[in-house]
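Report on the structure given below.
The values are calculated or read from the model by the stated rules, or taken from the named source; none is laboratory data. For clarity, every value in this text was computed on a predicted model and none was experimentally measured. All Cβ positions, glycine included, derive from the backbone under ideal geometry; neighbour counts span all protein chains shown. For the accessible areas, the whole protein counts, side chains as well, though only heavy atoms, and no ligand, DNA or RNA atoms are used. Shrake-Rupley method; radii C 1.70, N 1.55, O 1.52, S 1.80 Å.
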Amino acid sequence: MSLQNEEMEVIIKVKRFSQDKGSWWQEYKLKVDRFTQFTEALRRIKTEQDPTLAYRAACHMAVCGSCGMKINGEPRLACKTLVIDTVKKYGSNVITLEPMDYFTPVKDLVVNLDDFYERMYKVKPRLYPSEEVLKGEAEHRLKPEDQRMLWKFAQCIWCGLCVSSCPSVRNDPEFLGPAAHAKGFRFLADPRDTITEEREKILLDSAWRCTYCYMCYNVCPRDVEPVTAIKKTRAYTKLAKVKSPVIETGEKHTQAVFESIFESGKLEEAKVYLSTYGVIGSLRDMIYLLQSGKLKYALVKEKPVENISEVRKILRGE
Amino acid sequence: MEKVNYDVVVVGAGLAGLMASHEIASAGYSVAVISKVFPTRSHSSSAEGGIAAYIEGNSDPNDNPDYMAYDTIKGGDYLVDQDAAELLSYKSGEIVRTLESWGTLFNRQPDGRVAVRYFGGQTYPRTRFVGDKTGMALLHTVYERTSGLGKVDFYFEWFAWELIRDDSRVRGVVAFDMRNMVPVFFKAKAVVMASGGMGMLYKHSTNSYINTGDGYAMALRARVALKDPEFVQFHPTALYPSDILISEAARGEGGILRNNKGERFMARYAPKKLDLAPRDIASRAILTEVKEGRGFPGGYVGLDLTHLGEEYIKERLALAYEAAKSFAGIDATKEMIPVRPAQHYYMGGIDVDITGRNPDLIGLFAAGEAACVSVHGANRLGSNSLLETLVFGRETGRAVVEFLRSYSEPSSDIDKEAEKAEQTAYDVVKRESGVHFGEVVNKLREVMWEDVGVFRTEDGMKNAVSEIMKLRDMAKDTYVLDKSKVYNTEFYNALEMKNMLDLALVIAVTALNRKESRGAHYRLDYPKRDDENWLKHTIAYLRGNTVEITYKPVKMTKWKPEERVY
């Protein structure tokens, strides 16, 4: 067993920022080997070349969530990314490092995460066990399969990468964002928790504001899959006593998608739109479509797929 | 300088600091927690394998807390205070149950009870775990719980710099807001140092970049002693070459160490315990294999998990599998993981008793890796550090509450002291030329690794002491190039460097002074343990450039020292 090493000179271009000077690009030349993580590259730049460079890093093993940044435009943990792998992936030994998007830059690669933490606190990120358990009078037992399922969503390391890359967070101030939903679901689904109803109030409306773009799924360094947590949270809607307009629209939309596929095996967008938003809402939007000459696309009539009976069997769960 | 008042200031937001804060705030006192990082970034998150606990009704039927205390004492090569080891063992089950009730997702047995596995040096399996991210799971739980109290003020990304004291008691902490370099004097009736370890003193370490020994140095400068500072633990299985921890759980679950001939070489060093020998023994065994030509080129051995099966590895040793894959390009289900020892833990620390109270300074407490209680003695058993942070974090919190109940207001004015502390920090910024922190720190880390590492000799350590002295001289001329006040990490790195140098000197001098081998302190020139002369705790003060050493007896209850064989 001998590890194959290789060495290479790379140019790391860091997008720097200061409140006085604004932002500028600065280049650092560095020799790295096959095993050099970006956190180590940054440490070496700071101790050997330029002590003024600012970044966050702590554990260098992808459990503390400090070192989120953009590497060649990709949202990544610096510690979980090897320099040479990036060179190979992009076919260039020039690599850019930038701060995460969305959050306000503070200095160089350091951003202000207050917005992220506020999102997390909104979902009451802690277990509320029963009094008997807290007093030690009763014991929790947890099935191994429940433990495994919950642990998947409990592994969020608060790095902020998912929020930085989520388009819905930017467009919809009422959307809690992916990390908070993963955290919220981890407690919502925990059989040991006692405030389920309150959690539903916090999470359900927001869950229907996600657009399922899967950016959080793509960038999460711990494979938490916030989007899966959001899907599972939506399933709690049927228990909700009061439903917000967003939830009602969402439920109608889901039902409409189901019906469209059940009838034709296809997603008939005009029909789905009509069922989701109702006649008046749809008419208003149709006027816009008419004005922009796109109405004909909305009114395309879909023929059912062959073997539609097979599709219906699947949908019925047969 | 701005001043704020709290009943208690806790330095550090890892498991020990949060647990102490939880206890103090729950009793109704005001608490400020000062941390260089957001609490979930603390180094506790990196602890992997598990937390040891004897749980009534959920342990091996032959086991009991006395065996657990015995294993800890023997593992620590009899430098352990036995009352502390007993307290740790007897409270272990209860603390795990508390954490479970707060939401920690411990791995389960099929019947729903908390699962268990073996760790090095345990007579019976006692390690409770959450995959191999136990530290992270516990840290998140305690942070979530403590922040939920709504009574603790978290000052995260604040740099605690100096303890402020009067003649006899602690009066607070001077800390800087890292966002803008503004110093604040946190006045307090009591201070808990829970500032974690010091791995950055060593070139090879499994620790976080933030572990620069700040708390030890703050204590030393406040004329407070460190206990047993010469005892530095090396973990046998750090991933080559990145030094990322490959949890001891890998050996606990059946992983085997092999040399370049494929031999299970631990049979030579610990014929009974084999790969489950404690860390000091396994670390020396690996380096001996390498030195005698049975390692792989570059200086490492193999950790073989392949016989455990893919599914088992990926569930129970997920992080080890992922680290080997991401950082060494090794598929641990098919190949051996390349490992070598690296600095891992600091057994030494701020001298405290089993309530966390420091004898030098009234109102000063310490817990977790920052403290030396001492439950680890000369060598810590795996799974005991997470346990220590929680048990002694809580004990310390309770002792602080007791202390506050009988507290009387001092009359002396100490604002001048706080201003002096601010000045000593700013001195590094004001200089116009000199050396940068990086030059000093890189050199220091090499010296410590080479000369105050796994194997130690008189000559090596003498060399280390003189090198550290030179670096301390050099450090008088360090300056900060970055003149901005916003998130000036260079300024804090320079302060960390000062802390590292203060601590390094104490480690090197006390190690040179202890003329025997015990646990992690292994001297080639004195290879035997010498109970007659050295069964005692080192107590070290730093006065300028001088390290003053005295000794203190080890507390014995039930167990007489015996030869340590595995």
| query | Given the residues A:L53, A:L82, A:L77, which is the only one that is within 11 Å of chain B (Cβ to nearest Cβ), more than 19 Å from B:I244 (Cβ to Cβ) and surrounded by 20 or more Cβ atoms within 10 Å (Cβ to Cβ)? | reply | A:L53
| note | Log entry, pairs with first residue in region B:76-92 being over 27 Å from B:R514 (Cα atoms), second being open to solvent by 10 Å² or more (accessible area, probe 1.4 Å), beta carbons closer than 6 Å, six or more apart or on different chains, reads B:L87/B:I354; B:S89/B:P65; B:Y90/B:P65; B:S92/B:Y54
| query | If you check A:E302, A:E306, which single one turns out to be surrounded by 10 or more Cβ atoms within 10 Å (Cβ to Cβ) and in a loop (DSSP other than H, G, I, E, B)? | reply | A:E302
| Restricting region B:134-175 to residues that are outside any strand (DSSP E or B) and among the small types (G, A, S), which is nearest to the chain's Cα centre (by Cα)? | B:G135
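Yes/no per residue for (1) out of contact with any helix residue (DSSP H, G or I) (no Cβ under 8 Å at 6 or more places or on another chain); (2) within 14 Å of chain A (Cβ to nearest Cβ); (3) open to solvent by 10 Å² or more (accessible area, probe 1.4 Å); (4) not acidic (D, E):
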| site | (1), (2), (3), (4) |
| --- | --- |
| B:G103 | no, yes, no, yes |
| B:R108 | no, yes, yes, yes |
| B:V130 | no, yes, no, yes |
| B:G150 | yes, yes, yes, yes |
| Counting only residues that are farther than 20 Å from B:V11 by Cα, assigned to a loop (DSSP other than H, G, I, E, B) and not small (G, A, S), which one in region B:393-416 is least open to solvent (accessible area, probe 1.4 Å)? | B:P410
| In region B:441-460, how many are open to solvent by less than 20 Å² (accessible area, probe 1.4 Å) and over 22 Å from the mean Cα position of the chain (by Cα)? | 1
| field | Tabulated pairs, region B:317-328, first in contact (Cβ under 8 Å) with a residue 24 or more places away in the chain and under 11 Å from B:D243 (Cα atoms), second of a type in the set (F, W, Y) and open to solvent by 10 Å² or more (accessible area, probe 1.4 Å), C-beta under 7 angstrom, 6+ apart or interchain | value | B:F327/A:F35; B:A328/A:F35; B:A328/B:Y240
| field | Pairs, first farther than 20 Å from B:G120 by Cα and outside any loop (DSSP other than H, G, I, E, B) in region B:548-566, second open to solvent by less than 70 Å² (accessible area, probe 1.4 Å) and not hydroxyl-bearing (S, T, Y), C-beta under 6 Å, six or more apart | value | B:I549/B:N513; B:I549/B:A540; B:T550/B:I539; B:Y551/B:K536; B:K552/B:H537; B:K552/B:I539; B:P553/B:K536
| note | Checked region B:433-472 for anything within 14 Å of another protein chain (Cβ to nearest Cβ), polar (S, T, N, Q) and assigned to a helix (DSSP H, G or I); matches are B:N442
| message | Criterion first (surrounded by fewer than 18 Cβ atoms within 10 Å (Cβ to Cβ) and either within 14 Å of another protein chain (Cβ to nearest Cβ) or of a type outside the set (S, T, Y) (or both)) does B:V480 satisfy it? | response | no
| remark: Selection from region B:187-221 of residues within 12 Å of chain A (Cβ to nearest Cβ) and assigned to a strand (DSSP E or B) yields B:S205
| query | For region B:197-204, does any single residue satisfy the condition of being of a type in the set (S, T, Y) and either touching a Phe, Trp or Tyr at 6+ places or on another chain (Cβ under 8 Å) or open to solvent by 10 Å² or more (accessible area, probe 1.4 Å) (or both)? | reply | yes
| Hey, B:V116 hits all of (1) aliphatic (A, V, I, L, M); (2) open to solvent by 20 Å² or more (accessible area, probe 1.4 Å); (3) within 30 Å of B:A421 (Cα to Cα) but one; which does it fall short on? | (3)
| Which fully enclosed helices (runs of 4 or more DSSP H) of region B:12-90 have 3 or more residues being under 18 Å from B:A137 (Cα atoms) and open to solvent by 10 Å² or more (accessible area, probe 1.4 Å)? | none
| request: Give me a count of the residues in region B:393-412 that are under 16 Å from B:C372 (Cα atoms) and among the basic types (K, R). | output: 1
| request: State the number of residues belonging to region B:528-545 that are outside any helix (DSSP H, G or I), surrounded by 10 or more Cβ atoms within 10 Å (Cβ to Cβ) and at pLDDT 95 or above. | output: 10
| query | Of the residues that make up region B:489-500, is at least one in contact with a strand residue (DSSP E or B) (Cβ under 7 Å, 6 or more places away or on another chain) and under 30 Å from B:Y78 (Cβ atoms)? | reply | no
| query | Which one is most open to solvent (accessible area, probe 1.4 Å) among residues in region B:254-276 that are part of a loop (DSSP other than H, G, I, E, B) and in contact with a helix residue (DSSP H, G or I) (Cβ under 6 Å, 6 or more places away or on another chain)? | reply | B:G254
| said: Tell me yes or no: at least one residue of region A:156-169 is under 11 Å from A:V224 (Cα atoms), free of Cβ contacts under 8 Å to residues at least 60 places away in the same chain and more than 10 Å from chain B (Cβ to nearest Cβ). | reply: no
| field | Counted residues, region B:309-326 - those being assigned to a helix (DSSP H, G or I), buried (at least 19 other Cβ atoms within 10 Å of the Cβ) and more than 12 Å from chain A (Cβ to nearest Cβ) | value | 2
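For every residue, the table says whether it meets (1) among the small types (G, A, S); (2) in contact with a Leu (Cβ under 8 Å, 6 or more places away or on another chain); (3) touching a residue at least 60 places away in the same chain (Cβ under 8 Å).
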site: B:A367; (1), (2), (3): yes, no, yes
site: B:G377; (1), (2), (3): yes, yes, yes
site: B:R380; (1), (2), (3): no, no, yes
site: B:E388; (1), (2), (3): no, yes, yes
site: B:G393; (1), (2), (3): yes, yes, yes
site: B:G397; (1), (2), (3): yes, no, yes
site: B:K430; (1), (2), (3): no, no, no
site: B:V440; (1), (2), (3): no, yes, yes
| field | Residues satisfying the stated conditions in region B:332-351, i.e. farther than 17 Å from B:T72 by Cβ, open to solvent by less than 10 Å² (accessible area, probe 1.4 Å) and among the aliphatic types (A, V, I, L, M) | value | B:A332, B:I337, B:V339, B:A342, B:I350
| note | How many residues of region A:117-142 are surrounded by 15 or more Cβ atoms within 10 Å (Cβ to Cβ) and more than 10 Å from chain B (Cβ to nearest Cβ)? The answer is 3
| message | Quick check on region A:13-25: of everything there that is within 13 Å of chain B (Cβ to nearest Cβ) and closer than 20 Å to A:R76 by Cα, which residue is surrounded by the fewest Cβ atoms within 10 Å (Cβ to Cβ)? | response | A:F17
| hydrophobic (A, V, I, L, M, F, W, C) and away from chain B (no Cβ under 13 Å), is that true of A:V87? | yes
| said: Can you pull out every residue in region A:29-49 that is among the acidic types (D, E), in a helix (DSSP H, G or I) and either more than 10 Å from chain B (Cβ to nearest Cβ) or in contact (Cβ under 8 Å) with a residue 12 or more places away in the chain (or both)? | reply: A:E40
